[in-house]
1. Give or take rounding to whole Å, what are the principal axis extents of the alpha carbon atoms in the range 142-204, in descending order?
2. Calculate, axis by axis, the spread of Cα positions in the range 48-157 along the three principal axes, and write the results as whole Å, longest axis first.
3. Which residue, chosen from Thr69, Leu85, Thr57, occupies the Cα position most advanced towards the positive end of the dipole of the range 54-93, where the dipole is computed from +1 (Lys, Arg) and -1 (Asp, Glu) charges on Cβ about the Cα centre?
4. With all distinct Cα pairs included, what does the Kirkwood hydrodynamic radius of the range 102-195 come out to in Å, to one decimal, could you say?
5. Using +1 on the beta carbon of Lys and Arg, -1 on that of Asp and Glu, and nothing else charged, what's the dipole of the range 102-195 about the Cα centre, debye to 20?
6. How large is the direction-averaged shadow of the alpha-carbon convex hull of the range 1-106, in nm²?
7. Whole percent per 5 Å bin, from 0 to the bin with the longest distance: what is P(r) over all C-alpha pairs of the range 1-50?
8. Report, to the nearest 10°, how far helix 183-198 tilts away from the longest principal axis of the Cα atoms in the chain, using its own Cα long axis and a range of 0 to 90°.
Amino acid sequence: MFTGLVTAIGTIDRVRDTDAGREFRVQCDYTGLSDGESIALNGACLTVREHGDGWFTVAAIVTTLDRTTIADWHEGRRVNLERALALGDRLGGHIVQGHVDHLGTVRAIDRRADALIVDVDIPASLEPLLVPQGSITVDGVSLTVNALPAPRVLQLSLIEFTWRHTTLGALTVGDRVHLEADVIAKHVQRLVAPYAATTGGTST
């Protein structure tokens, strides 16, 4: 489990296909890593295969490549990193599983005073899981839903700290991003689905 608070930005310096899947070696400043531990890379939970001084490797299997942007990752790409939450740590963001639900596409970026306003096109299936001021994970970063300004559009408001300490500050129009909805919202949707189907989606 993660919180969506990025603790480092890594740089991919090697990509190769192996029996374990598409392998990426990532340069970063993490210390004390263990083989087999979980690290979220742009919000996708992957397993450390090997590690050394200033680097570690992970591999993405075919299903992960199909559901994420990872198949497009190349040498030199920078990625948001977060190690798994330890018991007793502060939950500074929200509960993040590291499971990418959908891909979004950046449609507009606008600087307004001290905030960076980013509009993202999202699939219709994600809309029922979002509420203004609710939580959403974008490329591994725990963010607040600023607004839902139009059908299938998610608006984010990025503070200076976020764009300076994550890769989100380098987003451009047309970029695809990983999206993970709030797990509580997903469970609620699953629980009420049979009742909504029975009542035709209306309340009495």
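Please treat every number below as a calculation from the coordinates, not as lab data. This structure is a prediction, so every number in the text was calculated from the model and none was measured. Every residue, glycine among them, receives a Cβ derived from its backbone with ideal geometry; neighbour counts consider all protein chains shown.
1. Cα extents, longest axis first: 47, 23, 19 Å.
2. Ordered largest first, the range 48-157 gives principal extents of 45, 35, 29 Å.
3. Toward the positive end, the furthest listed residue is Leu85.
4. 13.6 Å
5. Dipole of the range 102-195, to the nearest 20 debye: 120 debye.
6. Convex hull of Cα atoms, orientation-averaged projection: 6.9 nm².
7. Spelled out bin by bin, the range 1-50 gives 5, 16, 29, 32, 13, 5, 0 percent.
8. Helix 183-198 sits roughly 40 degrees off the main axis of the chain.
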